[in-house]
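J.: Handing you this structure, nothing more for now.
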Amino acid sequence: MKTADDSTDRSRSSARADTRHERRRGGFTLLEMLVVIGIVSILVGMGVQAFSGVSANLSTRSSRESLVALKAVARARAVERGSTAKLIIKVADDRAYVIQSDTIRRSISFKTDFGVTLSEENNVDSLVLCMSPKGYADLDCNSFTTAVTLEMTLGGSTRQVTILPMGQIN
């Protein structure tokens with residue numbers, strides 16, 4: 001025969017079993033957490049690699065644009081001041097600067113500012129592009145008479161800049 005105590009004991013034990021079962025469903029197991037952490041770390045690794053490629057591409061592009069802007073500064077200073085301004089590119093030092101009246105007016109350190117290294121196909125240490133007060137290059141003052149190609153490199157990203165003797169930059 002069933003007694004009232006038996007049915008009460010059964011309902012208590014089934015209530016405890018349901019509570020334990022519900023508690024187990026509410027959380028994550030260690031294995032589930034490890035799987036999620038593994039997937040997240042793989043995705044982060046892929047994102048970092050993609051970002052470093054984009055960053056290198058932006059740095060080489062910015063360094064190229066800065067060289068073009070520095071040449072424009074040399075030309076503008078020559079015209080404004082009525083005297084020759086020189087754009088000097090020290091390939092070996094990864095630097096470029098504008099000099100006028102023996103004073104450095106502007107400079108760029110490609111390595112420090114952009115993390116970029118410069119190279120030139122003929123292994124020239126430095127290039128000099130002289131801008132005359134009339135706004136064009138002075139061929140008698142330039143250190144080169146044919147087109148010169150500079151490479152700006154960071155990681156796997158490379159940009160080329162061709163400087164022509166008359167001062168055009170492509």
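The values are calculated or read from the model by the stated rules, or taken from the named source; none is laboratory data. These numbers come from a predicted model, not from an experiment. Cβ placement follows ideal geometry from the backbone for every residue including glycine, while neighbour counts extend to all protein chains displayed. Protein only, heavy atoms only, side chains kept; ligands, DNA and RNA dropped before computing areas. Shrake-Rupley method; radii C 1.70, N 1.55, O 1.52, S 1.80 Å.
J.: Please give me, ordered by residue number, the trypsin sites (Lys or Arg not before Pro) of the stretch 100-148 that lie in loop per DSSP and have at most 12 other Cβ atoms within 10 Å. All intermediate terms of the calculation are to be shown ahead of the outcome.
T.: Details: sites: R105, R106, K111, K134; in loops: K134.
Taking the stretch 100-148 and a limit of 12 other Cβ atoms within 10 Å, the loop trypsin sites (Lys or Arg not before Pro) found are K134.
J.: On average, how much accessible surface per residue is there in the stretch 26-102, in Å², for a 1.4 Å probe, leaving out ligands, DNA and RNA?
T.: Working: 4790 Å² over 77 residues.
Heavy-atom accessible area per residue stands at 62 Å².
J.: Let me ask you something else. From the alpha carbon gyration tensor of the stretch 41-135, can you work out the equivalent ellipsoid semi-axes (sqrt of 5 times each eigenvalue) and give them in Å, largest to smallest?
T.: Working: eigenvalues 231, 39, 18 Å².
Equivalent ellipsoid of the stretch 41-135: 34, 14, 10 Å, largest first.
J.: Sorting D102, D113, D94 by accessible area (1.4 Å probe), largest first, what list results?
T.: Values: D102 150, D113 90, D94 20 Å².
Sorted descending by solvent-accessible area, the residues read D102, D113, D94.
J.: Tell me, in nm to one decimal, what length is gained between L43 and R61 on full extension, where the rule is 0.36 nm per residue of separation less the Cα-Cα distance?
T.: On the way: separation 18, 0.36 × 18 = 6.48 nm, distance 2.72 nm.
3.8 nm is the gain from fully extending L43 to R61.
J.: Suppose the chain between T158 and N170 were pulled fully straight at 0.36 nm per residue; how much longer would it get relative to their current alpha carbon spacing?
T.: On the way: separation 12, 0.36 × 12 = 4.32 nm, distance 1.47 nm.
Working it through step by step, the gained length comes to 2.9 nm.
J.: Quick one: order C141, C130 from most to least accessible surface, probe 1.4 Å. Spell out each step's value before the answer.
T.: Numbers: C141 45, C130 0 Å².
I get C141, C130, largest accessible area first.
J.: Still on this structure: For M33 and N122 in the same chain, what is the full-extension length gain: residue separation times 0.36 nm, less their Cα-Cα distance, in nm?
T.: Details: separation 89, 0.36 × 89 = 32.04 nm, distance 5.69 nm.
Result: 26.3 nm gained on full extension.
J.: Would you rank S63, S101 by solvent-accessible area, highest first, keeping every protein chain in place and using a 1.4 Å probe? Before the final figure, lay out each step's value.
T.: Working: S63 0, S101 85 Å².
Ranked from most to least accessible, the order is S101, S63.
J.: Here is a further query. How large a share of the accessible area of the stretch 65-170, in percent, is made up of carbon and sulfur atoms when the probe is 1.4 Å and the other protein chains stay in place? Present the calculation step by step, with values, prior to reporting the outcome.
T.: Values: 2440 of 5500 Å².
In the stretch 65-170, the share of accessible area belonging to carbon and sulfur is 44 percent.
J.: So for the stretch 97-144, Kirkwood radius off the Cα pairs, Stokes-Einstein at 10 °C and 1.306 mPa s: how many µm² s⁻¹? Don't jump to the answer; show the numbers that get you there.
T.: Numbers: Rh = 12.7 Å.
D, rounded to a whole number, is 125 µm²/s.
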